[in-house]
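To start, the structure itself, in structure tokens.
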Amino acid sequence: MYEHDSIKPFEGAEGSKKEQVASMFDQIAHRYDFLNRFLSAGIDVSWRKKAIRELKTVHPKYILDVATGTADVAILTYQLLQPKPEKIAGIDISDGMLELGRKKLKERNLDPFITLYNGDSEAINFPDNTFDAITVAFGVRNFANLEKGLSEMLRVLKPGGKLVILEFSKPTLPGIKGFYNLYTRMIAPKAGKVIARNEAAYKYLNDSIQAFPEGKRFVSIMEKCGYAHCYKKALSLGICTIYCGSKL
């Protein structure tokens, strides 16, 4: 267990972390995409695109997007990769997020190529060696058991397949670090309270970022779980990091 595994969105309330995370995302689903753009000044879209480009080396035909949410990464992956993947599956534990994701797919006529399922990252309902690639954007912090989730993704990844994780991290430059801490601890929760009527969700965002085993430590956890050729790339002065690993 890692420190972030035990951090819940609604401390003191009943329910496991997994149950609380699903409830939290159900509650904020209607404003989730807007808040992502607003709180990051739109930079989050470029982060996602950079993470997806890490898949170009494996030319994946069948992709799993874990913690898919409203399907932002699944949609961008289908749009950006050449040759296009034959099929993308997205899983998430929040029905509220999935409902919005399915609407976006239908509006873009992408539902023949991308299918969303209610699914648990720690018990993925697909056979061993199914996917050529797996993506996770801002989702591994929400795993109730980080190593179990990483191991389960490795199980369904084909030999030679690649995992790409995009996750928040903490900048280390003194000036940037101070502003970032103020932003995530004070400004983001207040914006969440006003826009999504849910301050707790964005307080949880900060708490889980602060506790997450980032950087070299996370790379070592990936290696411990069986991934090979692991590496990381910091983005935007360390506010966000791409982590990659492969299955031998």
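In this structure, the amide hydrogen of L55, modeled 1.01 Å from its nitrogen in the peptide plane, lies closer than 5 angstrom to no residue at least 5 positions away or on a different chain. Between D120 and N125, the built amide H atoms are under 5 Å apart, and every one of these is 5 or more places off in sequence or on another chain. Computed over the chain, the alpha-carbon pair-distance distribution with 10 angstrom bins reads 7, 33, 40, 18, 2, each value a whole percent. Number of Lys-Lys pairs in the stretch 18-148 with C-alpha atoms under 22 Å apart and a separation of 8 or more places or on different chains: 23.
The aspartates and glutamates within cross-link reach of K8, meaning a Cα-to-Cα straight distance under 13 Å and a gap of 8 or more places when in the same chain, are E19, D207. The string of couplings for the stretch 125-131 from the Karplus curve (6.51, -1.76, 1.60, θ = phi - 60°) is 8, 9, x, 4, 6, 8, 10 Hz, one whole number per residue in order, with x for Gly and Pro. Here the extension length gained between K84 and E199 equals 37.5 nm, from 0.36 nm per residue of separation less the Cα-Cα distance.
Bridging of K170 to lysines at a Cα separation below 16 Å is possible for K203, K216, K232, K233, once same-chain residues fewer than 8 apart are set aside. Sequence gap at least 6, Cα distance under 8 Å: using those rules, report the relative contact order of the chain to the nearest whole percent. It comes to 22 percent, rounded to a whole number. Shape annotation for the stretch 106-248: C-alpha extents along the principal axes are 43, 38, 27 Å, from largest to smallest. In order along the stretch 109-122, the Karplus-derived 3J(HN,Hα) couplings, from 6.51 cos²θ - 1.76 cosθ + 1.60 at θ = phi - 60°, round to 6, 9, 5, x, 10, 10, 10, 10, 10, 6, x, 9, 4, 9 Hz, and Gly and Pro are given as x. Most tightly packed first, judged by the mean number of other beta-carbon atoms within 10 Å of their residues, the peptides 221-232, 74-85 read 74-85, 221-232. Inter-part distance, the stretch 30-103 to the stretch 149-165, computed on C-alpha centroids, equals 17 Å. The label-point distance for T57 and Q210, in a model that sets each label 7 Å from Cα toward Cβ, rounds to 3.6 nm. Phi angles across the stretch 72-85 convert, under the Karplus curve 6.51 cos²θ - 1.76 cosθ + 1.60 with θ = phi - 60°, into 3J(HN,Hα) values of 4, 5, 4, 5, 4, 4, 5, 6, 8, 6, 9, x, 5, x Hz, Gly and Pro given as x. Of all DSSP beta bridges in the chain, what percent run antiparallel (nearest 5)? Within the chain, antiparallel bridges account for around 40 percent of the total.
Every read-out reported here was derived from the displayed coordinates using simple, explicitly stated rules and does not represent laboratory data. In this text the structure is predicted, and so the values were computed from the model without any measurement. A quick note on method: Cβ atoms are made from the backbone with ideal geometry, for glycine too, and the neighbour counts reach across all protein chains shown.
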